[in-house]
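Colleague: First the structure, then my questions, so here it is.
The values are calculated or read from the model by the stated rules, or taken from the named source; none is laboratory data. All values reported here derive from a predicted model rather than from experimental measurement. Neighbour counts run over all protein chains shown; Cβ positions are idealised from the backbone, glycine included. With ligands, DNA and RNA removed, areas are computed over all heavy atoms of the protein, side chains included. Shrake-Rupley method; radii C 1.70, N 1.55, O 1.52, S 1.80 Å.
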Number of protein chains: 4
Amino acid sequence: MSVPAAQKKGIRAAQKEARPKEIVESALAIFARDGFAGTRLEDVAERVGISKGTIYLYFDNKEELFKACVRETVGAHIQQTMQMAATFEGSTSDLLREIFRRVSATLSKPGYRTILILLISEGQRFPELVSFYHSEMIGPGIEGLRAVIKRGVASGEFRDTGLSDFPMMLMSPVIASVIWTHLFSKVGDFDFNAALQTHLDTMMDGLKA
Amino acid sequence: MSVPAAQKKGIRAAQKEARPKEIVESALAIFARDGFAGTRLEDVAERVGISKGTIYLYFDNKEELFKACVRETVGAHIQQTMQMAATFEGSTSDLLREIFRRVSATLSKPGYRTILILLISEGQRFPELVSFYHSEMIGPGIEGLRAVIKRGVASGEFRDTGLSDFPMMLMSPVIASVIWTHLFSKVGDFDFNAALQTHLDTMMDGLKA
Amino acid sequence: MSVPAAQKKGIRAAQKEARPKEIVESALAIFARDGFAGTRLEDVAERVGISKGTIYLYFDNKEELFKACVRETVGAHIQQTMQMAATFEGSTSDLLREIFRRVSATLSKPGYRTILILLISEGQRFPELVSFYHSEMIGPGIEGLRAVIKRGVASGEFRDTGLSDFPMMLMSPVIASVIWTHLFSKVGDFDFNAALQTHLDTMMDGLKA
Amino acid sequence: MSVPAAQKKGIRAAQKEARPKEIVESALAIFARDGFAGTRLEDVAERVGISKGTIYLYFDNKEELFKACVRETVGAHIQQTMQMAATFEGSTSDLLREIFRRVSATLSKPGYRTILILLISEGQRFPELVSFYHSEMIGPGIEGLRAVIKRGVASGEFRDTGLSDFPMMLMSPVIASVIWTHLFSKVGDFDFNAALQTHLDTMMDGLKA
DNA sequence: CATGAATGAGCGTTCATTCAT
DNA sequence: AATGAATGAACGCTCATTCAT
């Protein structure tokens, strides 16, 4: 802060700023593999190439580290998608497909899949995290979806099914695919995208007027 | 020895026979709350009103207890449903609705919901369990669903969508509902059955010829 | 005691009388294999074909069972040998050889070897047992040996070495052989009797006048 | 890093280097008192003034700690003695006496006596340890002794008794003395050195031509 | 007399957390 | 800022011992 120049910010400082993100990334991988209780901070540290003690310079304890993993990984995606939806000019069918494309593109990345799985696995132990997630991410997302359905009904594209009361169900094929992949990708092969696309087509047909 | 066997089965024997089930039920609850690694066998024992050591009279170790929880809870349900499907006489739409009704009735019970959540949470740490599950439960279930879809297409009720390649996706709304309930039932209310029914209606419409 | 006839003493009674011995024999084997702390009473019971609880009908606890093993296994041997020595008529060399023959014959039996090893292994935890052993078995034995040496010196067969002050050392080759066999019988072969005999010859030569 | 290394080695580093030896010494004492299975690592730790967990920073588990006790305590002694024997210039009698002097000096120290007792007590449970011992320590020792006997026979000092086939028996008085001391030192007094010396004299006389 | 289900204290081992360096 | 040695609480598992049957 009181340091004269930006150049002065040397390697050390750069390292220091990068640390939390490095740790979170490492932790995410280990949490995903071993679960919360099963994760050893030593493994997390080793993956970053630092010592166990160093983690405690950046995070109060294991629980806070876990929360940071969840919080800092999802972020902007939902907002971006909602903005896109608000200004979309084509048909509502195309809008819905675009939304599915984005959401599934995000959730098909291992990192994000991990978050979902972790939330399911450990949610009960971290109620604040769940309600944070619900209010900050899921809630707005649901409202966005509801708006899209209403847009389709208003334009005469969709029938007025009760689905606008449960917009989150639109995402069920995405969620099911993620879980299927997570559980059985080693047991048998499963074409995530083809399965999803097929199901979406059926669902869209069901929505159409 | 020379005593009539039926009367002889005293309190002790009755207790002994009941123990495994009691322990599994208790374990199911605690595993669901705390995850596999987070579960303390002492908690499991206390819930049954026995001592820690007693668990080891019936299960070799924590892992075997966990497996028993999964194995002994699901079992017959899938087979029953498949038999029903094989002999069903009404329309395929009605058959599909009946299948959904059964599956969701089962999965809406806390005990069975727990199994699904546990499988998602701990699957990665128990590959044998997952593949056991996949081959014994899920695989047959998928084949059953595929047969139903084909029945509908053959009878002219359903269009020939690609969904017969991914029959498991038919279950996605059930799965999503279970997860939604698990995660957010404390945060906000969610009418499991209404949500499911609404989504199913939409999906069925999508399937119809 | 107040029972009319000897025949009346049925199978049950015979069993009951035999039990302690059976248990001790089994325990001896397990103690020898696993040491005191390492021995599980369940293993002892299983070897006899009874249940764990039954042991407690005959022995107060594990420690008492161990003591019984040591106490009841040695018995008459020393006394017999001393009586033989007192009435022996040949040369003292021959007497000494006969003593060695008897002692080593006894200690080469696995059961008796076991006692010696157990005493060495666990003696420190059972001081009473050690002093019982010392006063009842070892002490008289030493006095017997001292008498033999003095007999040899008196008759002019042996020189008057200081060995009469440490008669127990005469037994050292026997003890060393037992231990050697115990430790290394699996590693390499070792002719217990030949080794012993050879050493004794040397020692006897050393004693001769 | 840029600090002169020798001075840098602070208290911590010094402690860390000393730890394994401290722990082994403590463990040796407790193992000797309680046997392998009977030893509580907490007791070992307490004796050093550290916590139970610290032991695991230096040894993988109880068994490895036990092995370390055996390995790190004997080591160089045999080699030193053998080198001495190879270059000894006096009579073979004197050489043999010198060997006895060294071996018994070593084994009369409580620490080394402990090792022998432990080996006898726990050998059956640690076959690798026993065979390690046999090949690395005992085997060479025996060959050394055999060479000495042959040297004596060659020089005409000793008769050609069969003892060169069982050289280990030469050590039997030492072994017997150690065991006697271990078992009965509390029961009665026993002059280890006098007993040994007397017996050796007898034995040497037996060897002489 | 015998059983064996049940107990509960105890120990080996792990690991989140601390703190002197 | 970073380390890593040390801690100590916690937990899985074992087994001597008890006691209802």
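Colleague: Taking each residue in A:27-34, count the Cβ atoms of any other chain within 10 Å of its Cβ, then average. What number comes out? Show your work: numbers first, answer last.
Modeller: Numbers: counts 0, 0, 0, 0, 0, 1, 2, 3.
That average works out to 1.
Colleague: Find, among the residues of chain A, the one whose Cβ sits nearest the axis of the rotation taking A to D; state the distance in whole Å.
Modeller: Taking Cβ atoms only, the nearest residue and its distance are A:GLY53, 4.
Colleague: Using the alpha-carbon centroid of each, what span in Å lies between segment B:142-203 and segment C:80-126?
Modeller: Going from one Cα centre to the other spans 85 Å.
Colleague: Between copies, how close do the B:SER185 label points come, placed 7 Å along Cα→Cβ, listed in nm from shortest?
Modeller: Here the equivalent label points are 2.9, 6.5, 6.9 nm apart from this one.
Colleague: With the calculation restricted to Cα positions, what are the radius of gyration and Dmax of the protein assembly as shown in angstrom?
Modeller: My reading of the Cα-based Rg and Dmax gives 40.5, 132 Å.
Colleague: Oh, and also: Return the sequence-ordered ³J(HN,Hα) values of segment B:125-142 in whole Hz as given by the Karplus equation 6.51 cos²θ - 1.76 cosθ + 1.60 applied to θ = phi - 60°, using x for Gly and Pro.
Modeller: 8, 10, x, 4, 4, 5, 6, 4, 4, 4, 7, 7, 10, 5, x, x, x, 4
Colleague: If you put a point 7 Å past Cα along the Cβ direction, how far is that point for A:GLY139 from the same point in each other copy, in nm, smallest first?
Modeller: Sorted ascending, the copy-to-copy spacings read 4.6, 7.6, 8.9 nm.
Colleague: Here is a follow-up. Past the 28 Å Cα-Cα mark, which pairs from C:LYS52/C:LYS186; B:LYS62/D:LYS52; B:LYS21/D:LYS62?
Modeller: Violating the 28 Å limit, Cα to Cα: C:LYS52/C:LYS186; B:LYS21/D:LYS62.
Colleague: Also, quick follow-up: Averaged across the residues of D:38-45, what count of C-beta atoms belonging to other chains lies within 10 Å of each residue's C-beta?
Modeller: Other-chain Cβ atoms within 10 Å of each residue's Cβ, averaged: 1.
Colleague: Here's another thing I want to ask about it. In what sequence, largest accessible area first, do C:PHE88, A:PHE31 appear using a 1.4 Å probe?
Modeller: Descending order: C:PHE88, A:PHE31.
Colleague: Could you order A:ARG40, C:ARG102 by accessible surface area, starting with the largest, using a probe radius of 1.4 Å?
Modeller: Greatest to least solvent exposure: A:ARG40, C:ARG102.
Colleague: Ranked from the most accessible area to the least, with a 1.4 Å probe and all protein chains present, what is the order of B:LYS67, D:LYS186?
Modeller: D:LYS186, B:LYS67
Colleague: Using the Karplus equation 6.51 cos²θ - 1.76 cosθ + 1.60 (θ = phi - 60°), what ³J(HN,Hα) coupling, rounded to whole Hz, does each residue of segment A:182-196 give in order, writing x for Gly and Pro?
Modeller: Those phi angles translate into 4, 7, 10, 4, 7, 6, x, 8, 7, 7, 3, 6, 5, 4, 4 Hz.
Colleague: Given springs between every Cα pair under 10 Å in a Gaussian network model of chain C, which of C:ILE138, C:ILE120, C:ILE23 has the largest fluctuation?
Modeller: C:ILE120
Colleague: Given the protein chains as shown and a 1.4 Å probe, how many square angstrom of B:HIS77 are accessible, to the nearest 10?
Modeller: Estimated to the nearest 10 Å², B:HIS77 gives 60 Å².
Colleague: From the label point of C:SER155, set 7 Å along Cα to the beta carbon, how far off in nm is each other copy's matching point, shortest first?
Modeller: List, nearest first: 3.6, 11.2, 12.5 nm.
Colleague: Could you pull the accessible area for B:VAL24 with a 1.4 Å probe, rounded to 10 Å²?
Modeller: About 10 Å², rounded to the nearest 10.
Colleague: If you don't mind, another one. If the cut-off is 16 Å between C-alpha atoms, which aspartates and glutamates fall inside it for B:LYS208, apart from same-chain ones fewer than 8 positions away?
Modeller: A:ASP201, A:ASP205, B:ASP94, B:GLU157, B:ASP160
Colleague: Between helix C:110-122 and chain C, what is the angle of the helix's C-alpha long axis to the longest principal axis, kept within 0 to 90° and rounded to the nearest 10?
Modeller: Helix C:110-122 sits at roughly 90 degrees to that axis.
Colleague: What are the ³J(HN,Hα) couplings of segment B:82-91, residue after residue, when phi is run through the Karplus curve with 6.51, -1.76, 1.60 and θ = phi - 60°? Round to Hz, x for glycine and proline.
Modeller: 5, 5, 4, 4, 5, 10, 5, 10, x, 6
Colleague: Per the helix-only calculation at 222 nm, which mean residue ellipticity applies to chain A, given -39500 (n - 2.57) for every DSSP H run of n ≥ 4 and division by its residues, nearest 500 deg cm²/dmol?
Modeller: Calculated mean residue ellipticity at 222 nm is -22500 deg cm²/dmol.
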